[in-house]
Amino acid sequence: MFPVSSPPMSAFSATFSDAFTLLASFDHTVAQIVALSLQVSGAAVALGTLIGLPLGACIAVGRFPGKSTLSVLINGMMGLPSVVVGVVVYLFLSRSGPFGGLGMLYSPAAMVVAQTLLVVPLMAAITRQVVEDVWARYAEELQVMRFSWWDSVTTLLHDCRHSLLVAVLAGLGRAMSEVGAVMIVGGNIDGATRVMTTAIALETSKGDLPLAIALGVVLIVIILALNALAYALRHWAMRRFG
Amino acid sequence: MVILPLRIRDLRYRPNGREVLAGVDLELSEDGITLVLGPNGAGKSVLLRTICGLIEPTSGSMAWGSAGGARPQQGVMMVFQHPMMLRMAVLDNVALGLKPLGVAAAERRRRGLEMLARVGLADRAGDSARQLSGGEQQRLALARAWLTKPRLLLLDEPTASLDPSASAAVERIIREIRTDGTRILMVTHNLGQATRLGDDIVFMAGGRVCEHTPVRAFFARPRSDEARLFIQGELPWRMRL
């Protein structure tokens, strides 16, 4: 007869218990990592919004040779492997690379660059689809009013603003959950470039599961909270503006 | 720039080999309201879109003004059956047409409020345009076009889905726009509306203008068989509609 042992379940429970203790005590390490994650991903999504949304709208409204090819390319880049982006950014920012002189490698700025490159195609592709559908309905009237190409882009971006929250949220989700690229260009340096995902990977490999789980819980709560906020905002806007 | 009269000669539009406009000849004078009647698929809406430049004709000519110039950059507006209502306030929607004309934001707002008062929507200025009823949205679309002071206004079935009272309000605004000096070319299926609003009738069938006559003459003595049958409500099979 094999003895029935309870230790694995106890260890499992103890791990979660320790994780929630860390959260409840506002552990300094957890807080620092969460703050840096929000700063890096927030900056990347802000840049992604400034680049990706107008880019997607321009592709939707523009009439130029290669438009279909560009649309397919942008759609394809939505699934760009983050480690590939990490390696490319690493090559550009390393000492021997074209931007090596900036000394950005292993800094939060390098992580922002990598995450921005990851979220721009995603946000642009979603924006292109949303704006293209609206453009199909409004194009004639805007043309009759002699709207310029750029005025049409800005008008449609404004009109689709509530729907485009989806693009921003998708970008935020991708940025915050990404690990490969920031690990390569940030280096996961304690107190400098360690973010939630890289910390979770490291602590799990070290066997410090409570910290990994605590960070995982924070990550999920943040993403759920932002989605709930966006849902509420969109719901309000639909009632207010139709 | 003087853009009327407009002379259209042998205008053809043949996308993918299908003849939608089959040699339209039409002359629009400088004043009045012309109603375009005809069965579905006659090419009425396509003719309006071609006149305002949304569709490039396959062949034919349009001579604008007594000098017979090219299509003007300004002065021609069109209101559609289902007008665009952007997700913004009624005032912002009505003032939208002034933006490409380079009018400053404060001035757009001032003129927009004046125009809303003229079409009876002043009390809705701050509401969302999408919350307006169908009739109010059509009045807003007319106000948006009117605000740009067009010389020629093209209306594509503006009362098609409206109830009689909403249609009457739209007709009142159309008359005011005409009194303000705008030439109007309007597509409708409503024969009663044609008698109330129109000075003359353009009857189209099969991509051609079958007749262009004053309203009373059209209803009293239609010259073509197609027009006579259309008025009687008998659409002929041979027209392949």
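We did not get these values from a lab; they are worked out from the coordinates using the rules stated. None of the values given here were measured: they were computed from a predicted structure. Because the Cβ atoms are built from the backbone with ideal geometry, glycine has one as well, and the counts that use them run over all protein chains shown.
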Practice task
Largest first and to the nearest Å, give the Cα extent of the protein assembly as shown along each principal axis.
Solution key: 105, 59, 49
Exercise for the section: State log₁₀ I(q)/I(0) for segment B:87-155 at q = 0.11, 0.16, 0.21 Å⁻¹ as given by the Debye formula over alpha-carbon point scatterers of equal weight, solvent excluded. Expected result: -0.22, -0.46, -0.80
Completion exercise
Non-local residues with an amide H under 5 Å from the amide H of residue B:205, with H modelled 1.01 Å from N and Pro and chain starts lacking one, are B:210
Practice task
Please give every one of the aspartates and glutamates within straight-line cross-link reach of residue A:67, meaning a C-alpha to C-alpha distance under 19 Å, and leave out same-chain neighbours fewer than 8 residues apart.
Solution key: A:132, A:133
Problem - Inverse of mean 1/r across different Cα pairs in segment A:40-173, Kirkwood, Å - result: 15.8
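Would you please name the GluC sites (Glu not before Pro) within segment B:152-241 that are DSSP coil residues with at most 11 other C-beta atoms within 10 Å of their C-beta?
Answer in residue order: B:234.
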Problem - chain B: calculated mean residue ellipticity at 222 nm from DSSP helix runs of at least 4, using -39500 (n - 2.57) - result: -9000 deg cm²/dmol
Handout entry: Percent of C-alpha pairs per 10 Å bin, chain B, short to long
Key = 7, 31, 35, 21, 6, 0
Practice task
Tell me the label-point distance for the pair residue B:149, residue B:27, using the 7 Å Cα-to-Cβ offset, in nm and rounded to one decimal.
Solution key: 2.9
Handout entry: Relative contact order of chain A, pairs being alpha-carbon contacts under 8 Å that are 6 or more residues apart, as %
Key = 30
Practice task
Please determine, in degrees from 0 to 90 and to the nearest 10, the orientation of helix A:82-93 with respect to the longest principal axis defined by the Cα atoms of chain A, where the helix direction is its Cα long axis.
Solution key: 80
Exercise for the section: May I ask for the angle, rounded to the nearest 10°, between helix A:108-144 and the longest principal axis of chain A, with both axes built from Cα atoms and the value confined to 0 to 90°? Expected result: 30
Practice task
Sum up the charges of everything whose Cβ sits under 11 Å from the Cβ of residue B:48, counting Lys and Arg as +1 and Asp and Glu as -1, but leave residue B:48 out.
Solution key: -1
Problem - Over chain A: helical MRE at 222 nm, DSSP H runs n ≥ 4 each giving -39500 (n - 2.57), nearest 500 - result: -26000 deg cm²/dmol
Practice task
Would you pull out the residues with amide H under 5 Å of residue B:155's amide H, same chain only if 5 or more places away, H placed 1.01 Å from N?
Solution key: B:79, B:185, B:186, B:187
Exercise for the section: Taking only the C-alpha atoms, wrap a convex hull around segment A:103-163 and report its volume per residue in Å³ as a whole number. Expected result: 96
Exercise for the section: Figure the gain on full extension for residue B:67 and residue B:40 (residue separation times 0.36 nm, minus the Cα-Cα span) and round it to one decimal in nm. Expected result: 6.3 nm
Exercise for the section: State, as an integer percentage, the relative contact order of segment B:7-68 based on alpha-carbon contacts under 8 Å between residues 6 or more apart. Expected result: 44
Practice task
Can you figure out the FRET efficiency of residue B:114 with residue A:237, using R₀ = 22 Å and their beta-carbon distance, to the nearest 0.05?
Solution key: 0.15
Fill in the blank from the handout: chain B: longest segment with zero exposed trypsin sites (Lys or Arg not before Pro), where exposed means DSSP loop plus at most 11 other C-beta atoms within 10 Å, is residues B:19-239
Handout entry: Phi to ³J(HN,Hα) by Karplus 6.51 cos²θ - 1.76 cosθ + 1.60 over segment B:74-88, Hz, x for Gly, Pro
Key = 9, x, 10, 10, 9, 10, 9, 4, 10, x, 5, 10, 6, 6, 8
Handout entry: Gyration tensor verdict on segment A:98-242 (Cα atoms; rounded if a/c is under 1.5, prolate if a/b is larger than b/c, oblate otherwise)
Key = oblate
Practice task
With an 8 Å cut-off on Cα pairs and a minimum separation of 6 or more residues, tell me the relative contact order of chain B in percent.
Solution key: 27
Exercise for the section: Output the Kirkwood hydrodynamic radius of segment B:173-212, Cα pairs only, in Å rounded to one decimal. Expected result: 11.4
Handout entry: From phi via Karplus (6.51, -1.76, 1.60), per-residue ³J(HN,Hα) for segment A:29-41 in Hz, x at Gly/Pro
Key = 4, 4, 4, 5, 5, 5, 4, 5, 4, 5, 5, 5, 5
